[in-house]
Amino acid sequence: MTADSDSATRDHISNEELEAEPGQPQRRRRPPLSCTTCRRRKLKCDRSLPCGQCIRSKAAHECIYTGAQPDSNRHMSPPLSRPVPRANEHKSGMFVFDSKRGPGSVSSRVSKRRPDELTEMRQRLKALENSLKSNLQTPDTSVGDGFSEIDAASTSENMGVDDRVRFLPDASFRGKKAKTRYFGRSHYTTTISFFQDVGAFLRRGQRRGEGKDKEYCDMKSFKTELWSRETQDHQREFREQAFKLNEMIPPRAVVDHLLRLYLDTFETTYRILHTPTFLKQYTDYWVNPQSPDMGFVAQLLGVMAAGSCFYMPPPGRDERDIFQKPAIRWMMAVQSYISCTFVSPDIDFRMLQTQCLLLVARLGIASDGDVAWASAGSLIRSAMTMGLHRDPTRFPKSRPFHSETRRRLWATIVELDLKISLDRGVPPSIDLDECDCDPPSNWDDSELTLEMEHNPAPLSTAFYTQNFYQTLLTKTLPLRYQIAKKINSLKFSLSYDDALRMGEDLSRAMQSASSIFDDDASMIIPETSHRHRFAQSLHLFILRKFLLALHRPFSLSVVRLPKCSYSRKICLEESLGILSQMEVPHSPDSIQYPHITQLGSGMFRDETFHAAVTVCVELSLQANEQQTSASGMDGVNSSVLLSMIQSQQHVMIQAVERTADNFGKRIASGGKGSKPFFFLNIILASVKSRVKGEDPMCNVDAASKRTVRICREILNGHSYQDAQIAVDNRPVQTPLPSEFTPTSTTLSDLDPASLISTDFSDLAVSLLKARSGYFTNIWQPMDIGGWFDGLDYTGSELWDPDLFGNLPTFS
């Protein structure tokens, strides 16, 4: 037998044998050097941890070195009380042999322990093992523990970010029962929540009895009048109308003009159509319009609806809204066509193009944001059903022409999804990590033919083609996707360092694009200069919008996080840039149309409004800082600094005032566009009062009354300038339009307890009550998001059989 075996045999001498000969001196026991498994199996142990024998037997987890283990079945003396551990002893109760320290270290201490002490050590070891097992992650606890670790990390990283940014204000969760709305972090609701005095003003309607404000009630009734314009009558007429697409095509001169507007604007960046193919189909249609291809007619209606956003009436003629009602009908007809023909076998590439055109038209006209978002989800899933998110080369029968058009259409779908993501404040619906579709190439449409067998020769990305602007915008697509995902995630965990890094990358992309536009300006021929000018403005606007969304959460938290002052600076600069870019010129002859400003009342209305509110936040911050530092400023230097600050504030106020006037000029005759005009005016009144050190409530009250009266005048058929003159010269309440005046409800019947709380956080409001049964169905919970929202859908009240009787003529 080996020495280890002899040692193991001697280790198992019982206590009874030792006690049998009390007169004989107790022999000193040799300390065990083998692991417990090798001693039990009587194998030679190499004294490693784990040892070789345990590794070969696949029992490495059982390799433990400990003291002698008396037999549990033998008699043992009762355990003594646990000794107090000394500072230099191990406190875990588990002693592991270390071959480098030798047997005289740990094992020698173990050997001197009495058997009852060893029993206690084993009990402590067992308790420790049970404790470790209870702390291990299980399928039931690992998910929660993971979230708690993420929460702890994000909390420590974003401790100073304002709570209204991290957790969203209550204003982002609106409505009740079956009608609710959610708006995320990049929506303007988060920014507006910082204007508490405006919320206090709107909350004043909770007063009862003699203190009830008649002007406030009249303001609420005005909102209801606008909503009542979109009653069930015209909805029923449209639902019962069988749309005949071919009968909705206007004269060719009108179609030619709208088609040219679309191709020179949206199609420069949002590539949907292969232009030569579509123009050939367009020519064939007019050869025999009596028997058209209904699929092409649906696409043509979508093109006209999208192109109508850029119609510019001749000088001296007020025809801004002449295409408004026809465009709504065209979109409804296309939607009806899609609903009737959209079944699984009919999901083809042309149907996806039609859905894209309809979505672009809805966004351009701003007809209904909720419906646009829902239709975008349907479009994304239809595209993924066809596999547009996958590499086209994975389809063996796909030809180069179809592969490239698929890449272009998928890039457009992703761009529209990112736009809606920022507009609504929700994460993107498309996960780019699950997509392997390559970006589109910089080729002219004329180079792509159905019969082509190979791809055209690659061109430089700095060479102007019909697809140049889409390829340039696609370069920043992954970065902008990460921004939209990080900003609107459920748990705001974006660190400021990561935000600065992404912002720097996006700023470099903007500078690079601007340099390309400036350096290659000489390559643009004059006949297409308006097309390139629009596409370049659209490109810079999109990048600027994402840069603002990235820095805005940190800019709003600058009071608690002074290190975010750089974000505050970026937000002010980019907001003023957007306001300048979207400013309506004083003379139509001063700019070349189509122009991006024509989207100020449609696709980019919310972005412009949010930029103006961001400038107002900066003015409010400066006013607070000026009040706190006024006591410590004295001398000539302080007066010079104060003069500079006031000059800067004057420039910012003028920019916001011009934006408010632009919103007023864009209000349609039916009231569409009243919401941003109303709220921006009362927010601006609050900011002006703060800058001047006055009480904002009086100025906000006066601004709200003036704004509502101007809107009433516009509803009565006056232009914005005439409405301003009429209201300023006659501050008496303007009578309600007779055709929209409630006949069975008076102002005394209205319950003005609605809208929002002092901090814009309580948007759960009481239902307005009226005596008439009709108005019982009309009144809904009121909040900031609902004001004037009825005007976002601007269909006509009744079906007009003479649809194109009033359309302009084109030579």
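Only the coordinates and a few stated rules stand behind these numbers; no lab work does. Predicted model only: the values in this text are computed from it and were never measured. When we count neighbours, we look across all protein chains shown, and the Cβ atoms used for this are built from the backbone with ideal geometry, even at glycine.
Using the Cβ-Cβ distance between E583 and L125 with R0 set to 56 Å, the FRET efficiency works out to roughly 0.10. Put in order of Cβ neighbour count within 10 Å, fewest first, the listed residues S339, S639 become S339, S639. In this simple spin-label approximation, K569 and T341 carry label points 7 Å from Cα along the Cα→Cβ vector, and these lie 5.6 nm apart.
By the count of neighbouring beta-carbon atoms within 10 Å, fewest first, H402, H551 end up ordered H402, H551.
Could you give the length gained by full extension between E694 and K244, i.e. 0.36 nm per residue of separation minus their alpha carbon distance, to one decimal place? Contour length minus the Cα-Cα distance gives 156.0 nm. Between I725 and M384, the distance separating the two model label sites (each 7 Å from Cα on the Cα→Cβ line) works out to 5.7 nm.
Highest mean packing first, where packing is the average number of other Cβ atoms within 10 Å per residue, the peptides 610-618, 574-582, 373-381 line up as 610-618, 574-582, 373-381. If R0 is 30 Å, the Cβ-Cβ spacing of R501 and S647 corresponds to a FRET efficiency of close to 0.30.
A straight chain from S515 to S489 at 0.36 nm per residue would run longer than the Cα-Cα distance by 6.0 nm.
Of M331, M384, the sequence from fewest to most neighbouring Cβ atoms within 10 angstrom is M384, M331. Of the peptides 501-512, 682-693, 45-56, the ranking by mean beta-carbon count within 10 Å, highest at the top, reads 682-693, 45-56, 501-512. The listed peptides 717-728, 266-277, ordered by packing as a protection proxy, come out as 266-277, 717-728 (highest mean of other Cβ atoms within 10 Å first). Pairs exceeding a 21 Å alpha-carbon distance, out of K545/K665; K419/K688; K675/K705; K419/K486; K485/K563: K545/K665; K419/K688; K485/K563. In this calculation the C-beta distance from T283 to S48 is compared with R0 = 56 Å, giving a FRET efficiency of 0.05. Maximal additional length on extending the H454-I322 stretch stands at 42.9 nm, based on 0.36 nm per residue less the C-alpha distance.
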